[in-house]
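These notes are about the structure you will find just below.
None of the figures in this text is laboratory data; all of them are computed from the coordinates on show. Note that the coordinates shown come from a computational prediction; the quantities given were computed from them, not determined experimentally. In this analysis, Cβ positions are derived from the backbone assuming ideal geometry, glycine residues included, and neighbour counts consider all displayed protein chains.
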């Protein structure tokens, strides 16, 4: 008697991507103070740490191409819970063409940074500790377009950090490396980048 073998196929479809969909609940930062800067004039609280930063034509521009991590900090007061948004335009760069938002900066060597790069398809969150950079979260994105403005928004409450690129949530992470600090702007290597329309809403200090 011939045995009949009936093959059984089980198909599992698993999506593989490190891009995080916008499904997390947005952080609610209770705002008690707000600060806006369209860079039409230079606020004396901006302190250049590295790089060549200039206020021109209603924009804040970083044009040094021989620094590792150009950084400028808004040294008004150290903040904890914040809602930060800024427009950035990557103009040029062969090694890097990035723009980033710094938050909870203790000083020039210790802070969080969220950055996008027109030469790479990722959106990343780093810590800088004693000047050393460590990636702590990343998502795959469509690279920002050179010569066009894009928007980065960062929401921070306690150790909860969310970061948006052009209105879409890509990073939802928890980290308690720094509890409070200054807000700032950042580029990398030979990036030439312009910034505009910075808005900071702050809660806990």
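Please compute one quarter of the surface area of the Cα convex hull for segment 80-120 and express it in square nanometres.
Details: hull surface 14.7 nm².
If you wrap the Cα atoms of segment 80-120 in a convex hull and average its projections, you get 3.7 nm².
Taking neighbour counts of Cβ atoms within 10 Å as a proxy for exposure, in what order, fewest first, do 187, 142, 50 appear?
Least to most surrounded, the residues fall as 142, 50, 187.
Roughly speaking, what is the centre-to-centre gap between segment 32-51 and segment 145-205 when only Cα atoms are used, to the nearest Å?
The two parts, judged by their Cα centres, are 15 Å apart.
So how much slack lies between residue 38 and residue 136, counting 0.36 nm per residue of separation and subtracting their Cα-Cα distance, in nm?
Gain on extension, residue 38 to residue 136, equals 32.2 nm.
Go ahead and set up a Gaussian network model of the chain, Cα springs under 10 Å, then flag whichever of 156, 106, 114 fluctuates most.
106
Can you tell me the FRET efficiency between residue 160 and residue 54 if r is taken as the Cβ-Cβ distance and R0 is 45 Å, rounded to the nearest 0.05? Don't skip to the answer; put the middle values down first.
Details: r = 35 Å, r/R0 = 0.77.
Calculated value: 0.80.
Before anything else, pin down the relative contact order of the chain: Cα pairs under 8 Å, at least 6 apart, normalised by residue count, whole percent.
Over the chain, the number comes to 33 percent.
Taking the Cα-to-Cβ direction at residue 30 and at residue 95 and moving 7 Å from each Cα, how far apart do the two end points lie in nm?
Distance between label points: 4.5 nm.
For each of 170, 126, count neighbouring Cβ atoms within 10 Å of the residue's Cβ, then give the residues from fewest to most.
Sorted ascending by nearby Cβ count, the order is 126, 170.
Compute the convex hull volume of the Cα atoms of segment 126-205, divide it by the residue count, and report the result per residue in Å³ as a whole number. It would help to have the intermediate numbers written out before the result.
Details: hull volume 9.9 nm³, N = 80.
It comes to 124 Å³ per residue, whole-number rounded.
Expressed as a rounded percentage, what relative contact order does segment 150-189 have, with Cα pairs under 8 Å and six or more residues apart?
Reported as a whole number, the value is 29 percent.
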